[in-house]
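This report concerns only the one structure given below.
The values are calculated or read from the model by the stated rules, or taken from the named source; none is laboratory data. Keep in mind that what you see is a predicted model, and the values were worked out from it rather than measured. Positions of Cβ are generated from backbone atoms using ideal geometry, with glycine treated the same way; all protein chains shown enter the neighbour counts. In case anyone asks, the SASA skips ligands and DNA or RNA and just uses the protein heavy atoms, side chains included. Shrake-Rupley method; radii C 1.70, N 1.55, O 1.52, S 1.80 Å.
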Amino acid sequence: MKFSTTCVNLVAILTAVAGSASAFAPTMSAVRKSSSASTSLKSTVAPSIPTTDTAADTTVASIPKFAQRWRKSTKQLATLGPASSTLEMIETLFLAGADIFRLNFSHGSQEQKQELLTMIREVEEKYSHPIAVLGDLQGPKLRVGEFSNPNGEVLEKGQIFRLDLDEAQGDNTRVMLPHPEIIEASLIDHVLLVDDGKVKLTVVGKGDKYLDCRVDVPGKISNRKGVNTPDSVLDISPLTPKDRSDLEYMIGIGVDWIALSFVQQPSDIEEIHELIDGHLKEDAFRPAVMAKIEKPSCFYDDNLEKIV
């Protein structure tokens, strides 16, 4: 299966999916069986947005099945945000070709996500065409501490910079890294990426409570910037307390897919499935799981096959 490049950089493995162009239709079919408002799943949508004068008269069922939506072999995913949180915009995105709407639980309240899902279902019912809803969990946020200079510090190429557990504010030589699991898992020559890779550090020395790193890609580092550990497998769960609360809420409002961030190994997928089973009511629709492949450890040995 090929994944669309429009999927908002969401590089993912779609678990339990047959490789057909209608991969999301079975999910929505299951939703329809448990819904009081049944709609047809065998129609399609116009390849272009109807004008205001004709929109009210246009139905998905009136469009032939050789329309563009039925010819494409990938699915288009649209993330809903402040600029796309109205019923009119959601409908416009759907008519433009969006098959899946992503609800990003990193931002906004749970109640806001419920409102968005309700509007998506209204569009779905209006056009008698299945629309998948993806709830995206935030995952762990690994960040450096704060600096005495509120503007941060500029690191020069080749200098040694220390990450440690000292709560004192940082300077041009060190800063707190409040994640002992990173210090423990990091080995000599492991890479740490700060602020989405704007600064690249390589571990050249370590102790029980610190890492000494060489600056390979120089740049500015400031308060609470994120740290990525591509070479290390961290002994932490991919599900934070916030994620567990959001997961339970997603199941309650009826999302079709749940995206799990920070997947490192097969046990992470097993953990979320166990949590879903624990929250799922009897005979309720079970959402599928999407593993966001962001860590090289997913490709160790046969991890990828087990994750899928």
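Sparse packing (at most 16 other Cβ atoms within 10 Å of the Cβ) combined with a DSSP loop state is found for the following GluC sites (Glu not before Pro) in the range 211-308: Glu282. Per residue, the Cα convex hull of the range 191-308 amounts to 138 Å³.
Could you sort Lys295, Lys206 by their accessible area in this structure, using a 1.4 Å probe and putting the largest first? Don't skip to the answer; put the middle values down first.
Details: Lys295 5, Lys206 75 Å².
Final ranking, largest accessible area leading: Lys206, Lys295.
For the range 160-280, the solvent-accessible area with a 1.4 angstrom probe is 44 square angstrom per residue. Straight-line reach from Lys113: taking Cα to Cα under 20 Å and skipping same-chain neighbours fewer than 8 places apart, the aspartates and glutamates in range are Glu88, Glu91, Asp99, Glu122, Glu124, Glu125, Asp136, Asp243, Asp246, Glu248, Asp256.
Element breakdown for the range 167-208 at a 1.4 angstrom probe: carbon and sulfur atoms account for 49% of the accessible area.
In sequence order, the range 225-241 has phi-based couplings of 6, x, 10, 10, 10, x, 9, 10, 9, 8, 7, 9, 7, x, 10, 7, x Hz under the Karplus curve 6.51 cos²θ - 1.76 cosθ + 1.60, θ = phi - 60°, and Gly or Pro positions carry x. To the nearest 10, the accessible area of Asp301 is 150 Å² with a 1.4 Å probe. Once backbone amide H atoms are built at 1.01 Å from N, Val289 has Thr15, Ile258 as its partners under 5 Å, excluding neighbours fewer than 5 places away on the same chain. Charged neighbours of Ala185, selected by a Cβ distance under 10 Å, balance to -4 (K, R count +1; D, E count -1). Working from Cα pairs under 8 Å separated by at least six residues, relative contact order for the range 243-301 is 49 percent.
Exactly which chymotrypsin sites (Phe, Trp or Tyr not before Pro) in the range 202-308 are in a DSSP loop and have at most 16 other Cβ atoms within 10 Å?
Details: sites: Tyr210, Tyr249, Trp257, Phe262, Phe285, Phe299, Tyr300; in loops: Phe262, Phe285, Tyr300.
Here the chymotrypsin sites (Phe, Trp or Tyr not before Pro) that fit, given the DSSP loop and packing criteria, are Tyr300.
Label point of Leu187 set 7 angstrom out along Cα-Cβ; within the range 209-233, amide nitrogens under 20 Å from it belong to 209-214, 228-233.
Could you tell me which of the pairs Lys206/Lys292; Lys141/Lys292; Lys157/Lys292 are separated by over 25 angstrom between their Cα atoms in the structure shown? If you can, show how the numbers build up before the last one.
Numbers: Lys206/Lys292 30 Å; Lys141/Lys292 15 Å; Lys157/Lys292 32 Å.
In this structure, Lys206/Lys292; Lys157/Lys292 exceed 25 Å between Cα atoms.
For the range 86-102, putting each phi into the Karplus relation 6.51 cos²θ - 1.76 cosθ + 1.60 with θ = phi - 60° gives couplings of 9, 4, 5, 6, 4, 5, 4, 5, 4, 5, 7, x, 5, 9, 10, 10, 9 Hz, in residue order, rounded to whole numbers and with x for Gly and Pro.
Cα gyration tensor of the range 160-236, axes a ≥ b ≥ c as square roots of the eigenvalues: rounded (a/c below 1.5), prolate (a/b > b/c) or oblate? The shape class here is rounded. Label point of Asp166 set 7 angstrom out along Cα-Cβ; within the range 176-202, amide nitrogens under 12 Å from it belong to 176-177.
Applying a DSSP loop filter and a limit of 14 other Cβ atoms within 10 Å to the trypsin sites (Lys or Arg not before Pro) in the range 111-145 leaves Lys141.
Give me the percent relative contact order of the range 95-223, please, defined on Cα pairs under 8 angstrom at least 6 residues apart. Value for the range 95-223: 23 percent. By the rule of a C-alpha distance below 15 Å, with chain neighbours fewer than 8 residues away ignored, the aspartates and glutamates paired with Lys200 are Glu153, Glu156, Asp189, Asp212, Asp216, Asp231.
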